[in-house]
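The values are calculated or read from the model by the stated rules, or taken from the named source; none is laboratory data. In this text the structure is predicted, and so the values were computed from the model without any measurement. Counting neighbours? That spans all protein chains shown, and the Cβs are built from the backbone with ideal geometry, glycine included. When the accessible area is computed, the model is the full protein with side chains, heavy atoms only, and any ligands, DNA or RNA have been set aside. Shrake-Rupley method; radii C 1.70, N 1.55, O 1.52, S 1.80 Å.
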Amino acid sequence: MGKRVLAILVEDRPGVLTRVSGLFSRRGYNIQNIAVGRTMEPGISRMTVTVDADPLTVEQIVKQLNKQINVLKISDLTDEPSVGRELLLVKVKAEPDKRGDIQQMARTFRARIIDLSPDSMIVEVTGNNEKLEAFLLMMQEFGIKEIASTGKVALFRGNKLIRETRN
Amino acid sequence: MKLTGAEMVLACLEAENVDVVFGFPGGAVLTLYDEIYKKGLRHILSRHEQGAVHAADGYARASGRPGVVFATSGPGATNLVTGIATAYMDSIPLIIITGQVARPFIGTDAFQEADITGITLPITKHNYLVKRIEELPHIFKEAFTIATTGRQGPVLIDLPKDLQAEEGEFHYPSRAEIYGYRPTYEGHQGQIAKALARLRKAKKPLIYAGGGVVSSGAHLELLELSQNGAIPVTTTLTGMGSIPYDYELFLGMPGMHGTYAANHAINESDLLLTIGARFDDRVTGKIEHFAPDACIIHIDIDPAEIGKNIAVHIPIVGDVRMVLREMLRRFKKGETEKWCAKVKAWKAERPLRYKQEGHLKPQFVIEELNRLSGGEAIVATDVGQHQMWTAQYFQFNKPRTLLSSGGLGTMGYGFPAAIGAQVAFPDRLVVCIAGDGSFQMNSQELATVVHYQLPVKVAIINNQYLGMVRQWQKMFYEGRYSHTSMDGSPDFVRLAEAYGARGLRATAIEEVGPVIEEAFQSPGPVLMDFHVDPEENVLPMVAPNTSIVDMIGGEE
Ligand SMILES: Cc1ncc(C[n+]2csc(CCOP(=O)(O)OP(=O)(O)O)c2C)c(N)n1
Ligand SMILES: [Mg+2]
């Protein structure tokens, strides 16, 4: 098993998210996280799906996804040079005497403090999964109240693009 | 041209040369049904939506044209679910049109609202909820294109009630532009060359053919390839009829209730040429033991079937008929004489057999139905023992003559499917071989055959049990017959008569022939009730998840 990151271009139609995610659950594949957003082309969305599966299973997933009428293109970014990022918001306990430490830590991770209240603050950090895990670990020391995170989004490095093949 | 939604539906169907639809009305399709009334579109009214959808499926399997179904919203739509799943599993082209509550009510739990596009998402090839009148013609064109091309399957269109009355500009597109849908038809030349080279070297090649041969219309090419190469053939339940029964290299059906020759040929083959089949577990048994020494070539239109259940050495994605034609064009025969002799000996020495002694045997009834139908019948079956006996003992010579729910195994499929086939071919002999259990799942359609005077001949193989389940209880649960007795079933002859059909019964061997003859000569619908040995088992049998050469029984 291993993490695979798939970028899927889909037609922006009602139910398309259900079609894609439903296919994963129905065939017994587990989605670790999923992010959906726009592309340069109106009417086409890009989904980034992270799954934990062996290569044969991923091959079957890709084939099944390709059968969906609203799926236009699938790329596996895992084995090629690519960059991936997630965004994490952490609401952390911040008694006045700890704020300095938190700020210090945030700087190390290039995180930003985006909200401050008498006894908590919200820190925003982006990065790859490992970085976010490490950041969370550090924040635990202060007491995490709540987190919210996006799924991963990813692009190939260099000139390589994923384009829908409208003809 | 300005038309209402309902008028558009009929115009689309006309443009697609649809001459009959199967359906059942209700509140959300009143406007549509009013249009049917005005235009006089041929419509077969069933007595349950499940009957309508199976009939459309039977029509499609028998004729090769897509079957069209109408049903209302909510319960009408949900009653279709089993039939849609049945068609999906066997890749049968259907267009299902359901009514939906009016657009402003969608999502409010309105009266008779059901999210049928959500419900049928995993059992349709694609589905649509029409939201704007301008989309309707395009959606219909897409739906027909998707249902009938590539790997075929059911497509559902959900039509809100208010949209059926709304007016819009109508222009039916001549073709559909579907960006995310491009089936591959032509096989890869390099892969075909590789396959041919391996075939030429093979000493023990075997063709394993399935429903894909039937849907692509490749039965003649299949036979030619088998003849040119002297390659024996086994066909699955859904592939039955694509090879004539009495062809010397035809080995019958493989798998759980397959023939000795077919299962042993798979086991010993050094090359398995798989054509439009999908390695279903009822065929393969324990997959690790399936065709252990064979190079596996797999021809299929659906790339997702390749490598799904078994590792394939030479995949060829494409339309079966086109690929076979290309193979035939460049074909050179290998040396298979010894192998053919061996396979033919298996066939001769280990045929399917049963003993006709004591009670009337179900296999005998199937043989008599076969004999008296003169090889021209279309046969629909239900699911259970009678279905397997039909596959074993009825001699199918042409494609599209056995209509049976293979993938889903749907009891109650046979009778409505026979109705659909009879609608497609009013002058042919259509026989439904039913189980006493299965028949009761859609016996209400007796009203349909009587109403339309469809001369369907129903043969109930009445063993007073859910026989196939009883057989498993006998073999694997020490004979504990938990809820498999059909005590309380009606007198089927009187049931038929109550509907105004003819009913006949045979309980002894000598009555079987005369009853069948009388039924076949009778102009209208007839039900035959054959009281057969309640404890007869389907043999040979391979226990689930064991090797297909570990066959139990079938020796006498
Ligand atoms: C709708 C449905 N329910 C349950 C089953 C499970 N099942 C498979 S075969 C069978 C027995 C069918 O009995 P009958 O129609 O009398 O046929 P027989 O096996 O006796 O020939 C049952 C219950 C099924 N296939 N389909
Ligand atoms: Mg029975």
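Taking the conditions exactly as written (surrounded by 24 or more Cβ atoms within 10 Å (Cβ to Cβ) and touching a Lys or Arg at 6+ places or on another chain (Cβ under 7 Å)), does B:L369 satisfy them or not? Judged against the criteria, B:L369 is not a match. Selection of segment B:48-62 for residues being farther than 13 Å from B:Q422 by Cα and open to solvent by 10 Å² or more (accessible area, probe 1.4 Å) yields B:H48, B:E49, B:Q50.
From the list B:M486, B:M411, B:M475, the lone residue that is away from ligand 1 (no atom under 12 Å from the Cβ) and within 20 Å of B:P362 (Cα to Cα) is B:M475. In a helix (DSSP H, G or I) and surrounded by fewer than 18 Cβ atoms within 10 Å (Cβ to Cβ), is that true of B:L196? Criteria not met by B:L196. For B:A176, the conditions (1) within 14 Å of chain A (Cβ to nearest Cβ); (2) out of contact with any Phe, Trp or Tyr (no Cβ under 9 Å at 6 or more places or on another chain) all hold with the exception of (2).
For segment B:450-556, the helices (runs of 4 or more DSSP H) that sit wholly inside it and include 1 or more residues that are under 28 Å from the mean Cα position of the chain (by Cα) and either within 30 Å of B:G255 (Cβ to Cβ) or not assigned by TED's automatic domain parsing to the domain that holds B:I433 (or both) are B:467-476, B:509-521. The lone criterion from (1) open to solvent by 10 Å² or more (accessible area, probe 1.4 Å); (2) away from ligand 2 (no atom under 16 Å from the Cβ); (3) of a type in the set (A, V, I, L, M, F, W, C) left unmet by B:L446 is number (1).
If I filter segment B:129-165 down to residues being assigned to a helix (DSSP H, G or I) and touching a Pro at 6+ places or on another chain (Cβ under 8 Å), which single residue comes out as surrounded by the most Cβ atoms within 10 Å (Cβ to Cβ)? Among those that are assigned to a helix (DSSP H, G or I) and touching a Pro at 6+ places or on another chain (Cβ under 8 Å), it is B:A147. Residues that are in a helix (DSSP H, G or I) and either open to solvent by 10 Å² or more (accessible area, probe 1.4 Å) or within 16 Å of ligand 2 (Cβ to nearest atom) (or both) do not occur anywhere in segment B:403-413. Is it true that some residue in segment B:371-381 is of a type in the set (V, I, T), in a helix (DSSP H, G or I) and either within 26 Å of the chain's Cα centre (by Cα) or not assigned by TED's automatic domain parsing to the domain that holds B:F520 (or both)? For segment B:371-381, residues of a type in the set (V, I, T), in a helix (DSSP H, G or I) and either within 26 Å of the chain's Cα centre (by Cα) or not assigned by TED's automatic domain parsing to the domain that holds B:F520 (or both): absent. Going through (1) within 16 Å of ligand 1 (Cβ to nearest atom); (2) outside any helix (DSSP H, G or I) one by one, B:D427 falls short only on (1).
Mind checking whether some residue in segment B:286-308 is out of contact with any Gly (no Cβ under 6 Å at 6 or more places or on another chain) and at positive phi? Scanning segment B:286-308 turns up at least one residue that is out of contact with any Gly (no Cβ under 6 Å at 6 or more places or on another chain) and at positive phi.
Residues that are part of a loop (DSSP other than H, G, I, E, B) and either at negative phi or more than 16 Å from ligand 2 (Cβ to nearest atom) (or both) within segment B:384-402 comprise B:F394, B:Q395, B:F396, B:N397, B:K398, B:P399, B:R400, B:T401, listed in sequence order. Would you mind stating whether B:R470 is over 13 Å from B:A434 (Cα atoms), more than 14 Å from chain A (Cβ to nearest Cβ) and either open to solvent by less than 20 Å² (accessible area, probe 1.4 Å) or within 12 Å of ligand 1 (Cβ to nearest atom) (or both)? Yes: the conditions hold for B:R470.
The residue that is nearest to the other protein chains (Cβ to nearest Cβ), counting only those in segment A:27-73 that are among the polar types (S, T, N, Q), farther than 23 Å from B:E177 by Cβ and open to solvent by 70 Å² or more (accessible area, probe 1.4 Å), is A:N30.
Might you let me know whether segment B:63-81 holds any residue that is within 14 Å of chain A (Cβ to nearest Cβ), open to solvent by less than 10 Å² (accessible area, probe 1.4 Å) and in contact (Cβ under 8 Å) with a residue 12 or more places away in the chain? No, because not a single residue in segment B:63-81 is within 14 Å of chain A (Cβ to nearest Cβ), open to solvent by less than 10 Å² (accessible area, probe 1.4 Å) and in contact (Cβ under 8 Å) with a residue 12 or more places away in the chain. B:D158 fulfils the conditions (1) under 21 Å from B:Q50 (Cα atoms); (2) under 21 Å from the mean Cα position of the chain (by Cα); (3) within 14 Å of another protein chain (Cβ to nearest Cβ); (4) charged (D, E, K, R) except for a single criterion, (2).
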